[in-house]
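The values are calculated or read from the model by the stated rules, or taken from the named source; none is laboratory data. Given the structure is predicted, the values throughout are model-derived calculations rather than measurements. Here Cβ is always computed from backbone atoms with ideal geometry, including for glycine, and neighbour counts include all displayed protein chains. Accessible surface is based on the protein model in full, side chains and every heavy atom, while ligands, DNA and RNA are left aside. Shrake-Rupley method; radii C 1.70, N 1.55, O 1.52, S 1.80 Å.
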Amino acid sequence: LFHDAVYDPTSSTNEEDSAELFRAFCAEVGAPQLTAREAWIREAILLTKSHRAGESHGRDVGVLLDADMAVLARPPAAYAAYAHQIRREYSHVPWDVYCTKRAEVLAGMLKAEPIFALDASRA
């Protein structure tokens, strides 16, 4: 779906860059103007930045967003492996800064309840 098609841990525009890559792909295959479905896909890619979708975005966007957050519901050992991978991705960031910023990200997720968009994901 082009989500994280562009991923650079030093960038704050991965979602926008992935959405632009999708738009460019559409143009390359002969769709210079996005159809309603293609515009929906582009918007879904952009929503993975905030993980906040309104009712109007529908169940399919909720499935995408919940799949992106699913690691948070994994058993502790699986989450620990994920956290280790994240730290490796951000190894360019000093340890103390990383810990502070990672805690801010996780705290932000907890404050923005619900974490998962769909009731089924919250079960």
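Computed from label points 7 Å out along Cα-Cβ, the spacing between residue 120 and residue 98 is 3.6 nm. Rounded, prolate or oblate: which fits the chain, taking a ≥ b ≥ c as square roots of the Cα gyration tensor eigenvalues, rounded meaning a/c under 1.5, else prolate when a/b beats b/c? Oblate is the answer for the chain, as a/c is 1.5 or above yet b/c matches or exceeds a/b. If you line up the long axis of helix 76-89 against the longest principal axis of the chain, both from Cα atoms, how many degrees apart are they, to the nearest 10? Tilt relative to the chain: about 70 degrees. Once the Cβ-Cβ distance of residue 28 and residue 72 is raised to the sixth power relative to R0 = 41 Å, the FRET efficiency obtained is 0.70. Taking 106, 21, 46 as the candidate residues, the one with maximal mean-square fluctuation in a Gaussian network model of the chain, Cα springs under 10 Å, is 106. Accessible surface for the chain, divided over its residues, is 65 Å² per residue with a 1.4 Å probe.
Seen against the Cα atoms of the chain and their longest principal axis, helix 14-28 is set at about 20 degrees. In this simple spin-label model, placing a label point 7 Å from the Cα along the Cα-to-Cβ direction at both residue 63 and residue 16 gives a separation of 3.0 nm.
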